[in-house]
There are 2 protein chains.
Amino acid sequence: MSRPDARIPEHPEPHEITLQAVLEALVDPVRRSIAAQLHRAGEDISCGKFDLPVARSTATHHFGVLREAGVIRQYYVGTSRMNTLRADDLNSRFPGLLDACLQAETTTPDPEP
Amino acid sequence: MSRPDARIPEHPEPHEITLQAVLEALVDPVRRSIAAQLHRAGEDISCGKFDLPVARSTATHHFGVLREAGVIRQYYVGTSRMNTLRADDLNSRFPGLLDACLQAETTTPDPEP
DNA sequence: GTCAAACTTTGATGCTCATCGACCTTTGAG
DNA sequence: CTCAAAGGTCGATGAGCATCAAAGTTTGAC
């Protein structure tokens, strides 16, 4: 079988996405910022293009959490790992949840710790 | 001054409710269960009437987190502390968020750890 | 083949939080 | 006043998680 790309980790199927995992993913401000940047851009973004306040190894961790929760989809283009927001999958499984988080994310300024 | 009841702790005003706090509150399955039971009942419930899998002192902690996040409102009736779901406040501040969590809570079975 | 770019992996660390048992407080009934 | 009911408070404990630096891996260009 022609495996697409051995570097691409597992994504949950739409029906495997759980509310618990999505909430755990979106409760972190860094991860919510990733989702918001992806939403605002309207196009796929590589991991390195995000504006994030953490080290790259930490960012990798956050992308993994989002992917395993089913919030983003990842695929490789060369050495760049691209990221897509799985808005349709989330909206059909938990209607209103993603929009509520994203809308609040853009209208409400981040709470500075 | 006729203070309403010295035992009643602080509640955030509607505009003080933050997405971060609400998500932190609803990410815990026990707290989400409290919100869901309150929603299903359609009426206020005292702390002792909830069906919760934790000790009483732990439940007290969870009620406090929900109250400080603005998810529930609490008031005393005798020795009983009653709880109200602040659905209107949440819906006007983060439209769709509460419904998304509650709907998924009732249709999706709890993930047993 | 060589090299840099772009991520990932691997510990290690530190902090937050859910949990509990034991004890204290307030209220209302008798 | 006395008591039981309903909760709250107080440490203590343990697990999970976000964070980082350092080293490893994979790819594409030259």
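Each of A:His61, B:Asn83, A:Gln103 was placed along the dipole of the protein assembly as shown (beta-carbon charges, centred on the mean Cα), and the one lying farthest toward the positive end is A:His61. For the protein assembly as shown, the dipole from Cβ point charges (+1 on Lys and Arg, -1 on Asp and Glu) about the Cα centre works out to 280 debye, to the nearest 20. For A:Leu98, what is the net charge nearby, where nearby means another residue's Cβ is under 12 Å from its Cβ and Lys, Arg count +1, Asp, Glu -1? Net charge in that neighbourhood comes out at -1. Mean partner shielding of peptide A:27-37, defined as the number of other chain Cβ atoms within 10 Å of each residue Cβ, is 2.
Normalised by the number of residues in segment B:14-106, the average gap of Cα pairs under 8 Å and 6 or more apart makes the relative contact order 36 percent.
Each label was represented as a point 7 Å from its Cα along the Cα-to-Cβ direction; for A:Tyr75 and B:Glu68 these points are 4.5 nm apart. Comparing Cα centroids, segment B:1-61 and segment A:38-83 end up 35 angstrom apart.
Close amide-amide hydrogen proximity is noted between A:Ile72 and A:Arg67, A:Arg86, each under 5 Å apart and 5 or more residues distant or on a separate chain (H modeled in the peptide plane; Pro and chain starts excluded). Only protein heavy atoms count here, probed at 1.4 Å, and on that basis chains A and B bury about 1600 Å² of accessible area in total. The same position B:Thr79 in the other copies lies at 7.0 nm from this copy, comparing label points 7 Å beyond Cα toward the beta-carbon, shortest first. Taking amide H atoms as placed 1.01 Å from N in the peptide plane, the amide H of B:Arg81 lies under 5 Å from those of B:Cys47, B:Gly48, each 5 or more residues away in sequence or on another chain. A simple rule links phi to the HN-Hα coupling: the Karplus curve 6.51 cos²θ - 1.76 cosθ + 1.60 with θ = phi - 60°, which for segment A:42-59 gives x, 9, 5, 10, 7, 3, x, 8, 6, 9, 10, x, 10, 5, 5, 5, 5, 4 Hz, with x for Gly and Pro. Residues A:Cys47, A:Cys101, ordered by accessible area of protein heavy atoms at a 1.4 angstrom probe radius and largest first, appear as A:Cys47, A:Cys101. When nucleic acids and ligands are ignored and a 1.4 Å probe is applied, B:Glu24 ends up with an accessible area of around 90 Å².
Residue and whole-Å distance for the chain A Cβ lying nearest the axis of the A-onto-B rotation are A:Gly96, 2.
Simple point charges give the picture: +1 on the Cβ of Lys and Arg, -1 on the Cβ of Asp and Glu, and for segment B:14-106 a dipole about the Cα centre of about 240 debye. Other residues lying with their Cβ under 11 Å from the Cβ of A:Asn83 contribute a combined charge of +3, Lys and Arg counting +1, Asp and Glu -1.
Would you mind counting up the charge near B:Phe63? Only other residues with Cβ under 9 Å from its Cβ, with Lys and Arg at +1 and Asp and Glu at -1. Within the 9 Å Cβ shell, the charges total +3. The helix-only estimate of mean residue ellipticity at 222 nm for chain B, built from DSSP H runs of length n ≥ 4 each weighted as -39500 (n - 2.57), is -14000 deg cm²/dmol after division by the residue total. Normalised per residue, the accessible area of the protein assembly as shown is 56 Å², obtained with a 1.4 Å probe and no contribution from ligands, DNA or RNA.
The values are calculated or read from the model by the stated rules, or taken from the named source; none is laboratory data. It should be emphasised that the depicted structure is a prediction, and the values quoted were computed from it without experimental measurement. Heads up, the Cβs are rebuilt from the backbone with ideal geometry, glycines too, and the neighbour counts pull from every protein chain shown. Heavy atoms of the whole protein, side chains included, go into the accessibility calculation; ligands, DNA and RNA do not. Shrake-Rupley method; radii C 1.70, N 1.55, O 1.52, S 1.80 Å.
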